[in-house]
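Asks: This structure is in structure tokens; I'll ask about it shortly.
The values are calculated or read from the model by the stated rules, or taken from the named source; none is laboratory data. None of these values were measured; they are calculated from a predicted model. Note that each Cβ is placed from the backbone with ideal geometry, even for glycine, and that neighbours are counted across all protein chains shown.
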Amino acid sequence: MTDNNPHVVERELNQHDLSQLNALSAIATASNAPKHGTRYRLIFGLKTAKCLDNLYFRLIEKLDIDVLVECGAHEGTASFRAVTELKKSAIAIEANPYVFRQKTLQLQKYGVMALNFALDTTAGQVALKVPKGKSNSSTKGSLLPRTEGATEEVTCEARTLDSIAAQYLPERNSVGLWIDVEGATSRVLRGASKILQGGRCKIIKVEVESVSFWQNQTKAHEIDLYLRKHKFVPIARDCEYRNQYNIIYVPMRYLEPVESDVFCFWQDLGRLKLAPSDWIFPFSLQRNRLILNRSSVFRRLAAILRP
């Protein structure tokens, strides 16, 4: 366990800041990341995201998390995996009413608790911003307007994460957070101060941005400072996109128990390469998933093998 001496705590926090994590990820992927081709860089980025997800779920088991809380759930892939693979409890929280009805609510048949709330610093009615003309689509929304492109508003009810935990989670339950809220991460975290300070939260996976995609958003280094003030430290990140990526944080007292898993993650990231099929077969990107266009596989192979 980590020493409780405040000077030791401060030193260890400073040894695990985001700039060092960013440097480590750059070093780990320098040799194998594609240097050219937008599609290949996207495929490689999504593969790094899969590596990070696998680490997150390994740590969910190792740290004996009781409940995964997925913030900005959409179709709830994290909640689904926690319930079906790990036999854990999960709460999927989605703000967009249309997405909730069409996607998130379907998780209930697997035992996931689905809640239709925006997550904010206070409770009340809020305006969710979605791309103009897509209020009745499966497009993700945000509490913040985009820096580019027209938006329209959808009214929804907001709650704090602390109030949701108080209502739906027994106090003895430990929590793992999965946060993907389209630029509004700081508002989710500021509404979760009791969870962060009370020792219930053992792990956080959070999507961050190094540049502003949304107006008045809090960027990666500010999220990092906020979480480190609550004694959470970053242990791993992916390279999903150039200016948008995911980070795993754990409380400093859990650094030692997760050390071997984190070491294996960085080894795996350093070995990660595109497979021959990634270069040859015509993959397309749909909702951040790689979809193989099977109808044109044989045409592509025929063109390669043609004398």
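Asks: Given the criteria of a type outside the set (S, T, N, Q), touching a strand residue (DSSP E or B) at 6+ places or on another chain (Cβ under 8 Å) and over 19 Å from N246 (Cα atoms), does R187 qualify?
Replies: It is false that R187 is of a type outside the set (S, T, N, Q), touching a strand residue (DSSP E or B) at 6+ places or on another chain (Cβ under 8 Å) and over 19 Å from N246 (Cα atoms).
Asks: Which pairs turn up if I take residues in region 7-36 that are farther than 16 Å from W266 by Cβ and look for partners that are at pLDDT 90 or above and not basic (K, R) with beta carbon separation below 7 Å, at least 6 apart in sequence or on another chain?
Replies: The qualifying pairs are V9/M252; E12/M252; L13/V233; L13/M252; D17/D224; P34/F44.
Asks: Please work out if R81 is closer than 30 Å to Q197 by Cβ and either without any contact (Cβ under 8 Å) to a residue 40 or more places away in the chain or assigned by TED's automatic domain parsing to the domain that holds G191 (or both).
Replies: Taking the combined requirement at face value, the residue satisfies it.
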